[in-house]
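Enquirer: Mind looking over this structure? Questions follow.
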C-alpha cells in the first residue's frame, strides 16, 4: 500500500477516525486498534513473509530489552546485524528491513547504556510497526517515541495538530507526485540512453537525480510526520534544507538526520569519536560512512558513495577553520557540486556507467536537450498543452523541463521547509483552497506513480 494511492488515503482516514474514537474511550483500546492497523498496513505493503521476519526480530529485541543483560543485548544486536547482512547478500530485501534493523539496534543501545527502560510492554508492537515510519523512517529513538504515548495528545490531537498534519501530508504528496516523479522521468530517460547524451543532458540528469532523491525522501518524511501528527505523535525532523549546506559535514547534519544521529551515537562514539587523535578520528569517520554506504546497498557503487562522503569529511576536518575563510557562495557551490557528483554513484548500476555519465558531463558535446529526455514528464498536462499549442511542440517540451527544474531548485533551497512551517501553519480559506487543488491534482496523477526510493533499502 503506497502512500501515493487512494487506498492509503482511505486507510489513513479510517485509522485516524477509529483510533481517535477508541482512544477517547480507552487509551489501551485505542493503542491496540492502532497496532492492528499498523500490522494490516505492513502486510498489505510488504507481505506475510516480511511481516513474520520483522515480527521475529521485534520479539528478539523485546526479550532482550525486558530482561537486559550485556550478553542478551549483544546477542540480540548480533542477530539483527546478521539478518540484515543475510538479506542484502541473498538479494531479498523485506520492506523497510534496513530502517527496522537500525531502529532495533538503537533500542538495544539505549537499553544497554541505561538511557531507556522498556516499561510500556503493550506499546512495543507500535514502536516496531508504526505505519508512518515502518517502511522508510525516520529512525525512531525509543525515548522520544514511548514518552509521547503516555502524554495527553496521543490519539487526542488538538485542532492545530490536525491542521499541521494535513498540511504536511498534502505538501509531502505534492513533493513526491509532482516533483520527485517528474525528475524521475528525466533521470530514467537519461540513464537509459547514456550514449546519446550531450554535456547539457548529462548535467540535467545529474541535477535531476539530486532533486528527485530529495523530494522523494523528504516528501515521504513529510507525509509520515503529518500522519503521525494526526494521531497526536511528533516525529523527529529528518530533513532541514540539506542543499543549503556550506560543507559536507553540515550536509549530514541536515540530510537524513535520524540516520546521522544513529551512526554518531551507536557507531562513531563507541569507536572513540574524535577523542583519540586525528588519525583515529579520520579512520572512524571513514568507517562510519562505509557502513552507511553498505546500509543503503550491498554494491560497489554504494560503498564508493559512502567512501566519497567519508573522504570529503576527512578533508574538511584536516582543512579546519581555514575553509570558513572562503566566501559563503563558494563554499555552497563546492558542497552542492560534490553532493551532485557523489549521487551519481548512488544511482548508477555500475561504477563504469557512473564514470561514463560524469565523463559526458565534462567533455560531452554541447546541444539543447532533446524532446525524448522529457518523455513521461507530466504526460496528461503535456498532451493538453500540445493540443493548445500544436505549432510549438519543442517550446512545450523545453518549457515544461525548465519549469520543473526552476520549481525544484526553488523548493529545495527555500529557507523555510515544510517541517519548519508545520507548527506555524494556520489554515485560511485561500490556503485551504490552494492545498485542496494541489492535492486533487496529485490524486488525479496517482496512476502509474513509482514507489519511494528509500523503501528499497
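Enquirer: Tell me whether the stretch 342-351 contains one or more residues that are out of contact with any helix residue (DSSP H, G or I) (no Cβ under 8 Å at 6 or more places or on another chain), assigned to a helix (DSSP H, G or I) and either outside the structural domain of residue 255 (by TED's automatic domain parsing) or modelled with pLDDT of 95 or more (or both). I'd like the intermediate steps shown before the answer.
Expert: Residues of the stretch 342-351 that are out of contact with any helix residue (DSSP H, G or I) (no Cβ under 8 Å at 6 or more places or on another chain), as a first pass: none.
The answer is no, given that none of the residues of the stretch 342-351 is out of contact with any helix residue (DSSP H, G or I) (no Cβ under 8 Å at 6 or more places or on another chain), assigned to a helix (DSSP H, G or I) and either outside the structural domain of residue 255 (by TED's automatic domain parsing) or modelled with pLDDT of 95 or more (or both).
Enquirer: Can you go through 75, 55, 50 and tell me which one is surrounded by fewer than 17 Cβ atoms within 10 Å (Cβ to Cβ), at pLDDT 95 or above and under 21 Å from residue 137 (Cβ atoms)?
Expert: On the way: 75 fails: under 21 Å from residue 137 (Cβ atoms); 50 fails: surrounded by fewer than 17 Cβ atoms within 10 Å (Cβ to Cβ).
None of the others qualify; the one that does is 55.
Enquirer: When you scan the stretch 405-416, do you find a residue that is at pLDDT 80 or above and over 21 Å from the mean Cα position of the chain (by Cα), even just one?
Expert: yes
Enquirer: Here's a follow-up. Got a sec? Which helices (runs of 4 or more DSSP H) wholly within the stretch 235-296 have at least 3 residues that are in contact with a strand residue (DSSP E or B) (Cβ under 7 Å, 6 or more places away or on another chain) and closer than 19 Å to residue 335 by Cα? Walk me through how you get there before you give the answer.
Expert: Working: elements: 248-254, 257-263, 278-296.
Hits in the stretch 235-296: none.
Enquirer: On to the next question. Within the stretch 179-198, is there a residue that is in contact (Cβ under 8 Å) with a residue 40 or more places away in the chain, out of contact with any strand residue (DSSP E or B) (no Cβ under 6 Å at 6 or more places or on another chain), surrounded by 24 or more Cβ atoms within 10 Å (Cβ to Cβ) and outside any helix (DSSP H, G or I)?
Expert: Checked the stretch 179-198: at least one residue is in contact (Cβ under 8 Å) with a residue 40 or more places away in the chain, out of contact with any strand residue (DSSP E or B) (no Cβ under 6 Å at 6 or more places or on another chain), surrounded by 24 or more Cβ atoms within 10 Å (Cβ to Cβ) and outside any helix (DSSP H, G or I).
Enquirer: Could you grab me the full set of residues in the stretch 235-256 that are farther than 18 Å from residue 312 by Cβ and crowded, with 18+ Cβ neighbours inside 10 Å?
Expert: Going through the stretch 235-256, the residues farther than 18 Å from residue 312 by Cβ turn out to be 235-241.
Within the stretch 235-256, 235, 236, 238, 239, 241 meet the criteria.
Enquirer: With part of a helix (DSSP H, G or I) and either farther than 23 Å from residue 181 by Cβ or at pLDDT 95 or above (or both) as the only criterion, which of 324, 381 stands out? Full working, then the answer.
Expert: Numbers: 381 fails: either farther than 23 Å from residue 181 by Cβ or at pLDDT 95 or above (or both).
Residue meeting the stated conditions: 324.
Yes/no per residue for (1) surrounded by 21 or more Cβ atoms within 10 Å (Cβ to Cβ); (2) under 20 Å from residue 42 (Cα atoms); (3) outside the structural domain of residue 61 (by TED's automatic domain parsing); (4) modelled with pLDDT under 95:
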{"residue": "90", "(1), (2), (3), (4)": "no, no, no, yes"}
{"residue": "119", "(1), (2), (3), (4)": "no, no, no, yes"}
{"residue": "128", "(1), (2), (3), (4)": "yes, yes, no, no"}
{"residue": "136", "(1), (2), (3), (4)": "yes, yes, no, yes"}
{"residue": "139", "(1), (2), (3), (4)": "yes, yes, no, no"}
{"residue": "158", "(1), (2), (3), (4)": "no, no, yes, yes"}
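Enquirer: Identify the residue in the stretch 29-45 that is more than 14 Å from residue 128 (Cα to Cα) and touching a residue at least 12 places away in the same chain (Cβ under 8 Å) and, among all such residues, is surrounded by the most Cβ atoms within 10 Å (Cβ to Cβ).
Expert: 30
Enquirer: Another question, if that's okay. Within the stretch 285-312, can you find the residues that are more than 21 Å from the chain's Cα centre (by Cα) and either crowded, with 21+ Cβ neighbours inside 10 Å or outside the structural domain of residue 247 (by TED's automatic domain parsing) (or both)? Break it down into steps so the answer makes sense when it comes.
Expert: We begin by selecting, within the stretch 285-312, every residue more than 21 Å from the chain's Cα centre (by Cα); these are 285-287, 300, 311-312.
Hits for the stretch 285-312 are 285, 312.
Enquirer: Right, here's the next one. Can you find even one residue in the stretch 309-316 that is without any contact (Cβ under 8 Å) to a residue 40 or more places away in the chain and within 28 Å of residue 189 (Cα to Cα)? Quick ask: steps written out before the conclusion?
Expert: If we filter the stretch 309-316 for residues that are without any contact (Cβ under 8 Å) to a residue 40 or more places away in the chain, which is where we start, we get 310-311, 314-315.
Next, only the ones that are within 28 Å of residue 189 (Cα to Cα) stay: none.
No - not one qualifying residue is present in the stretch 309-316.
The values are calculated or read from the model by the stated rules, or taken from the named source; none is laboratory data. Treat the numbers as computed from the prediction; the structure is a model and nothing was measured. Every residue, glycine among them, receives a Cβ derived from its backbone with ideal geometry; neighbour counts consider all protein chains shown.
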